[in-house]
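Input: a single structure, listed below in structure tokens.
Bear in mind that the values in this text are calculations on the coordinates, not laboratory data. The shown structure was predicted, so the numbers you read here are calculated from the model rather than taken from an experiment. So basically every Cβ, Gly included, is an ideal-geometry build from the backbone, and we count neighbours across all protein chains shown.
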Amino acid sequence: MSTTLRVPFGDLARQAAELDPEVTEALTRVARSGWYILGNEVAAFEAEFAAFCGAEACVGVASGADALYLALTALDVGPGDEVITVANACIYQVAAILQTGARPVFVDIDPATHTLDPALLEAAITPRTRVLLPVHLYGRTANMAAIWSIARLYDLKVVEDAAQAHGARYCSEPGTLVGGGASAICCFSFYPSKNLGALGDGGALTTGDPELAARLRRLRMYGWGEKYIAIEAGGRNSRLDELQAAVLRVKLRRLAAWNQARRERAAWYRELLAGLPLELPADDPGHVYHLFVVQCDNRDALRRHLLEAGVGCDVHYPVPAHVQPAYAALGHRRGALPHTERAATRVLSLPLFPELTRVEVEAVARSVRSFFG
Ligand SMILES: *Cc1c(COP(=O)(O)O)cnc(C)c1O
């Protein structure tokens, strides 16, 4: 093997070391405050994240999965309704749709961007369609200008899954950050490995509509209007806690620089992997490279080769939602989403995080090159 350097797929301890005094101070401040749920830290983080995105309001919740469920619930999605989405983003948003009692309707992806293909949307719309739910997969936005215009035409709401796209800019409107666009609601996850990650679970929603924000605040807390008085059915306990909010405030100040570092490392890969029989991800100035995903025909062999060489890599995601075992009863068939299914056999994520060094990127590239001989 040409390389002996082991390169991890991710390494959150490097970021923890960089942030140590500030995060320790934040955690200690909360621990000593005597107030742990929905206090000053959550309120401050919500204001800071809304300002960062250019959104009217932000509501902190317990996870990205809860954000998706609460977004649909706040838009009155329920039994008999249909939500149009993609099948290549694991099952997060599909589970949320099913939890509301609605039915997920899948459209295929644009194979160049791995995001919802707006050209296929109109054929999937029925009188039961309520919401369009695109996913900004790998850190690149879906074509929102096209999706928003179809939503306006058919009077549909849009919910974005931005769990992999904190700080990304819309490819169709490069002046606008994800979360500050024209959708009803945009959903974020702060799972530790995301571009903005907590020290545990967390999530948030942004919206331009103060009434929706107020409704989301009720739904994350049992549906209470005032204390102990439930005025919303469908509420649950889904709160971002003070400790996570305090940590997120520290990290939010670095997000733009971290995203810039991700873009720089993506450019290094592009330079070092040029000329191989390997499809590199389509770039866009707003792309924040949550993942650096290459594609090739012999993906499984390349993956084994890299793992044997000590290079971490992973597949996002191996089984499309419409053919997941738990969803067989939905009656979807293999072959229905050809681009989605083909991508699932070809995608491979290489190590990409802000602290990854040039030497490590070179070692990964050498290992990839040695596979192709
Ligand atoms: C991580 C992720 C989620 C789920 O977020 P959690 O905080 O883990 O619940 C949803 N959608 C996408 C695209 C994700 O990557």
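Per-residue extension of 0.36 nm, minus the Cα-Cα distance of residue 33 and residue 5, leaves a gain of 5.6 nm for this segment. The modelled label-to-label distance between residue 99 and residue 18, using points 7 Å beyond Cα along the C-beta direction, is 3.1 nm.
Listed from fewest to most Cβ neighbours within 10 Å, the set 193, 183 follows the order 193, 183. Each residue in 294, 319, 159 was given a count of other beta-carbon atoms within 10 angstrom of its own, and listing them fewest first yields 319, 294, 159.
Divide by every residue of the chain the summed helix terms, -39500 (n - 2.57) for each DSSP H run of at least 4, and state the resulting mean residue ellipticity at 222 nm, rounded to the nearest 500 deg cm²/dmol. Write out the running numbers ahead of the final one.
On the way: 12 runs with 144 residues, N = 373.
That calculation yields -12000 deg cm²/dmol at 222 nm.
Annotation for residue 119 and residue 297: the two label points, set 7 Å from Cα along the Cα-Cβ direction, are 2.4 nm apart.
The length gained on full extension between residue 237 and residue 264, counted as 0.36 nm times the residue separation minus their Cα-Cα distance, comes to 5.8 nm. Listed by chain and number, the lysines whose C-alpha is less than 19 Å from the C-alpha of residue 194, apart from same-chain residues fewer than 8 away, are 251. At R0 = 35 Å, how high is the FRET efficiency between residue 222 and residue 330 if r is their beta carbon distance? Nearest 0.05 is fine. It comes to 0.70.
Report D for the chain in µm² per second (integer): Stokes-Einstein, Kirkwood Rh on Cα pairs, 25 °C, 0.890 mPa s. Write out the running numbers ahead of the final one.
Values: Rh = 21.3 Å.
Result for D is 115 µm²/s.
Within the chain, DSSP assigns beta bridges of which about 60% are antiparallel (rounded to the nearest 5). Computed from label points 7 Å out along Cα-Cβ, the spacing between residue 280 and residue 182 is 3.3 nm.
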